[in-house]
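Here the structure is laid out as structure tokens; the discussion comes afterwards.
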Amino acid sequence: MCEKIKFIKSRLFLFCAILSSFLFLSCIFNIKTSLNPPLDIQVSKISSNSAVVTWSSVKHAGSYEVMWTTKGNVSWNYKIVYETGTKLEDLSFDQDYTVQVCANPSDSAVFYGPSEYNGIDFKTLMDDTPEGELARPTNITASFNEDNSALKVTWGEVEGASYYDLDFEFSYPYSPETIKILKTVPASQTEFTYTGTMYTNVVSLKIAARNSDFSDTCRWSKELIVTQN
């Protein structure tokens, strides 16, 4: 009986020693196990400018990072949420989007690291012009000149417009940071050449028709992604 107890104690001591060594090494070398990625990602309640994305709960997760962008764009929007779903707003109409979600460990899950991203594609709906509002500009084209020193933009005329706002966004790959530049031109012109600093080789642009006192709701066109030659 005593021998059996000694055997159990020795095994227990060995187990504790191994566990302690593992915990020690985990702390020293920061050994962590990645959380499982969120599954069952779904997009619902899609409109012309918003959508709701949901996913299944991940064990040991304390928060989730949600990233989304238009197809072809290198810059991502992102936010941290603490539920298994969120609403994406200020989207462009009739646009293809990609949304990705990863799980972050809770404060108590010290031996776990963030999961890999899991994602899904979706497309927003077409847009109807509300009564009393200006239509969104269409037929937008943009191209760089041969040495990439200028970007020429053209668009179709919008009835009732007094001005056009042009929004240029210079995006950095895999970064939520963007540099935004806004230009306003009279409605007598439907083209503009940007010759300012080119912060990156990828530019996203959109245009809105504006009324005489800028009291409209500034309904932006579809986003156009342009890459230097």
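The values are calculated or read from the model by the stated rules, or taken from the named source; none is laboratory data. Owing to the predicted nature of the structure, the values given are computational and were not obtained by experimental measurement. Ideal geometry is used to build each Cβ from the backbone, glycine not excepted, and the neighbour counts take in all protein chains shown. We work out accessible area using only protein heavy atoms, side chains counted, and drop any ligands, DNA or RNA first. Shrake-Rupley method; radii C 1.70, N 1.55, O 1.52, S 1.80 Å.
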> Considering only Cα-Cα distances, which of the following residue pairs are longer than 24 Å: K79/K152; K183/K222; K32/K59; K45/K180; K87/K152?
Replying inline: K79/K152; K45/K180; K87/K152
> According to the square roots a ≥ b ≥ c of the eigenvalues of the Cα gyration tensor, what is the shape class of segment 61-172, taking rounded for a/c under 1.5, prolate for a/b larger than b/c otherwise, and oblate for the remainder?
Replying inline: prolate
> In segment 126-229, carbon and sulfur make up what percent of the accessible area (probe 1.4 Å)?
Replying inline: 44
> Hey, what does the equivalent ellipsoid look like for segment 76-129, semi-axes from the Cα gyration tensor as sqrt of 5 times each eigenvalue, largest first, whole Å?
Replying inline: 31, 11, 7
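Among the chymotrypsin sites (Phe, Trp or Tyr not before Pro) within segment 133-229, which fall in a DSSP loop and have no more than 15 other Cβ atoms within 10 Å of their own Cβ?
Details: sites: F144, W155, Y163, Y164, F168, F170, Y174, F192, Y194, Y199, F214, W220; in loops: W155, Y174, Y199, F214.
Loop-located and lightly packed - Y174, Y199, F214.
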> With a ≥ b ≥ c the root eigenvalues of the C-alpha gyration tensor of segment 107-229, is it rounded (a/c under 1.5), prolate (a/b larger than b/c) or oblate?
Replying inline: oblate
